[in-house]
Amino acid sequence: MKTKGIIPRSWRFIKRLLLFLFIWQFFYIIVLKWIDPPLTITQIGNWFGGYGMKRDYVDYTEISRHAKLAVIASEDQKFPVHSGFDWKQIEKALDHNERRPNKIRGGSTISQQTAKNVFLWQGRSWIRKAMETYFTFMIEKIWGKRRILEVYLNVIEMGPGVFGIEAAAQSYYKKSAESLNRSEASRIAACLPNPKKFCVKPATPYVTARGLAIMRNMSNLSTDAGIKSVID
């Protein structure tokens with residue numbers, strides 16, 4: 001009899017716990033529309049991994065237009081128009097990874113990267129990817145594009161232990177994020193695929209070449225009405 005009573009009570013407890021977690025995360029997403037995220041799992045992991053942690057959140061208006069355009073040109077050129085997922089890029093990445101499993105390519109949008117870095121952990125498990133999909137959908141609906149890009153530019157790793165565009169600008173160029181020029185912004189954006197490997201200053205050959213390619217893309221995208229509505 002006791003065993004029969006334990007199972008229903010345990011199930012009720014699990015359901016209440018899941019309901020609490022759902023309400024809490026929903027409230028947290030709403031709060032972060034206006035409040036800067038606290039420590040993230042990635043930041044904590046870097047700290048314990050010996051990389052330290054430099055970060056200094058800044059408002060959207062305190063970020064150079066060049067920096068906003070550079071990360072879009074580098075990471076997600078369809079950012080203003082997609083709903084959080086670039087299905088063509090995801091399909092290309094899956095095809096590439098199937099053919100070359102030793103050289104994995106990502107197909108994540110800025111929205112997906114923001115969701116991962118704010119709410120989750122680094123890794124490639126299906127569980128994490130499913131949760132990333134959920135959080136991406138939610139921030140697209142609740143935050144909007146400008147807030148997503150603002151949070152992205154404040155939390156993304158831009159060097160070993162360097163988080164956000166302000167910390168990157170200060171670390172590499174001794175200036176504020178608001179003062180970054182096209183060349184500086186493009187080189188910071190060039191390191192994003194692997195910020196622990198690709199050095200911004202002194203720039204590696206890869207960063208130099210990729211930075212030039214990003215600047216060309218910036219020139220091509222600078223007059224796009226959708227992008228201008230996000231970065232201006």
When segment 144-169 is examined, which residues are found to be out of contact with any Gly (no Cβ under 7 Å at 6 or more places or on another chain), assigned to a helix (DSSP H, G or I) and either buried (at least 16 other Cβ atoms within 10 Å of the Cβ) or of a type in the set (Phe, Trp, Tyr) (or both)? Lys145, Arg147, Ile148, Leu149, Glu150, Val151, Tyr152, Ile165, Glu166, Ala167, Ala169
Across segment 176-207, what is the total count of residues that are among the hydroxyl-bearing types (Ser, Thr, Tyr) and either buried (at least 20 other Cβ atoms within 10 Å of the Cβ) or at pLDDT 95 or above (or both)? 4
Under 8 Å between Cβ atoms, which residue pairs at least 6 apart in sequence (or on different chains) link something in segment 21-37 that is of a type in the set (Lys, Arg) with a partner that is surrounded by 10 or more Cβ atoms within 10 Å (Cβ to Cβ) and at pLDDT 90 or above? Lys33/Ile142; Lys33/Trp143; Lys33/Arg147
Looking at Ile214, is it among the aliphatic types (A, V, I, L, M), surrounded by 13 or more Cβ atoms within 10 Å (Cβ to Cβ) and either in contact with a Cys (Cβ under 9 Å, 6 or more places away or on another chain) or more than 19 Å from Lys78 (Cβ to Cβ) (or both)? no
Residues that are more than 19 Å from the chain's Cα centre (by Cα) and not polar (S, T, N, Q): which helices (runs of 4 or more DSSP H) entirely in segment 1-94 hold 1 or more of them? 2-31, 41-48
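The values are calculated or read from the model by the stated rules, or taken from the named source; none is laboratory data. As the structure is a prediction and not an experimental result, all values here were calculated from the model. Every residue, glycine among them, receives a Cβ derived from its backbone with ideal geometry; neighbour counts consider all protein chains shown.
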